[in-house]
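Where a number appears in this text, it was derived from the coordinates with a stated rule and is not lab data. Nothing here was measured: the structure is a model prediction, and the numbers come from that model. Ideal geometry is used to build each Cβ from the backbone, glycine not excepted, and the neighbour counts take in all protein chains shown.
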Amino acid sequence: MKVLITGGCGFLGSNLAAHYLSKQCQVIVIDGLFRLGSSDNLSWLAQKAASHNSSFDFVQGDIADNEVVLSVFRRYGPFDFVVHVGGQVAMTTSLSDPSRDMYTNVVGTFNILEAVRLHSPNALLAYSSTNKVYGDLEHLRYEETSTRYKLPDFPNGLDENLPLDFSTPYGCSKGSADQYVRDWSRVYGLSTVVFRHSSIFGGRQFASFDQGWIGWFCKKSIEQMKSFESNASPEPFTIAGTGKQVRDVLHVDDLITLYSSAFENKSKLNGEIFNIGGGFDNSLSLLELFSLLSDINRIPHLQFISTPRRASDQDCFIADIRKAHQILGWAPKVSCQQGVSNMVEWTKSLSF
Ligand SMILES: NC(=O)c1ccc[n+]([C@@H]2O[C@H](COP(=O)([O-])OP(=O)(O)OC[C@H]3O[C@@H](n4cnc5c(N)ncnc54)[C@H](O)[C@@H]3O)[C@@H](O)[C@H]2O)c1
């Protein structure tokens, strides 16, 4: 099996690449190495390939450059599976550099789609979209408890029938790409699938202030733990909003089983779209995450300062994952408690 992974040195991409290398697949990665940690992930993948004796090729290039994309397809294609997880990932960056965001996410995706159509028409193309395509969700009815916002009208979570409402440059670029991927199945008959992801976390994620919030707060909690251990006052970190905003978090091990299930069910995937997250059982607000991190790190409580709510932040997104279960037979298996505990260990392994 020949797998092309765009953004294969990022968080999702490197985990997926490592999985396919462990299965002795031929793995080709294209990545611009734009993200903090991408070069580390590339070295890690090279080691994985060597230890599994698997074929691994890396092309450093920009997916917004059509010549680069075409050269990869001409040289290494045709592929069985094209995993398109390369992209501009931060809403904040999309606001400061909307042009870069658009070229990467829209033009980059268009280039990949066209290359699949012309040079790998039998491949399954999987695209990692986002729940941000549904906008800010301010029109929904919320309830508030002492630790979280709730959506009482959606007891099973939010499904794929929510109206699209692109907001922020990131929402617009991801949403456009999401619709292109769906439409290239309708119009050209490609096998495509779009996963609208909520928050994903796990090893190989190099979290930053504006992307990868679980990893970021794991880091903050470890810093505070170190202060407590040395009898110093912990420095409070900042959060945007009340801390009651909720996401259903997905551990990256469950993401790997999702993409594998998609490939196994390729015949059913003709432009299908799935909302994907950890579901209700794995939903966490920031305040609930902080309480979990205090328990894991055995510290009394985390010190933080609230700043005003970030524009365009959804107060609560919990995906209704029943469609993925029905069609792909997939369900998450890693509990958020176990996943966060593993994430603390991974974060400790990084020198900071
Ligand atoms: N991580 C999450 O919680 C999450 C949630 C929703 C959606 N997603 C989507 O999943 C995808 C992967 O996310 P991630 O967390 O692995 O991000 P990441 O930043 O860790 O990885 C993205 C990779 O893409 C590469 N890249 C960026 N622009 C590129 C370009 N123009 N050409 C070639 N390579 C480029 C980067 O160098 C990086 O290695 C993104 O499309 C993101 O929008 C992620």
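A few notes on this one:
- Taking a point 7 Å from the Cα of GLU144 along the Cα-to-Cβ direction, the residues of the range 275-315 with backbone N closer than 20 Å to it are 284-291, 304-315.
- In a DSSP loop and with at most 15 other Cβ atoms within 10 Å, the trypsin sites (Lys or Arg not before Pro) in the range 15-79 are LYS23.
- Taking max minus min of the alpha-carbon positions on each principal axis, the chain gives extents of 59, 45, 39 Å, largest first.
- Rounded to 0.05, the FRET efficiency of the ARG298 and ASP65 pair, given R0 = 45 Å and the Cβ-Cβ distance, is 0.35.
- In degrees, nearest ten, helix 286-297 long axis to first principal axis of the chain (Cα): 80
- Shape metrics for the range 60-192, restricted to C-alpha atoms - Rg then Dmax, Å: 17.3, 57
- Set of lysines near LYS268 by C-alpha distance (under 30 Å), chain-local residues within fewer than 8 positions excluded: LYS2, LYS23, LYS132, LYS174, LYS323, LYS333
- Förster-model FRET efficiency, 51 Å R0, MET1 and ARG310, C-beta, rounded to 0.05: 0.80
- By the beta-carbon count within 10 Å of each Cβ, the least crowded to most crowded order of PHE79, PHE263, fewest first, is PHE263, PHE79.
- Over the range 1-112, Cα pairs under 8 Å with separation of 6+ residues give a relative contact order of 32 percent.
- Loop-resident sites, the range 111-154, for GluC sites (Glu not before Pro), counting at most 15 other Cβ within 10 Å (DSSP): GLU138
- Stretching SER349 away from ARG117 to a fully extended chain increases their span by 79.3 nm, per 0.36 nm per residue minus the current alpha-carbon distance.
- For the pair SER39 and SER22, label points projected 7 Å from Cα toward Cβ lie 2.7 nm apart.
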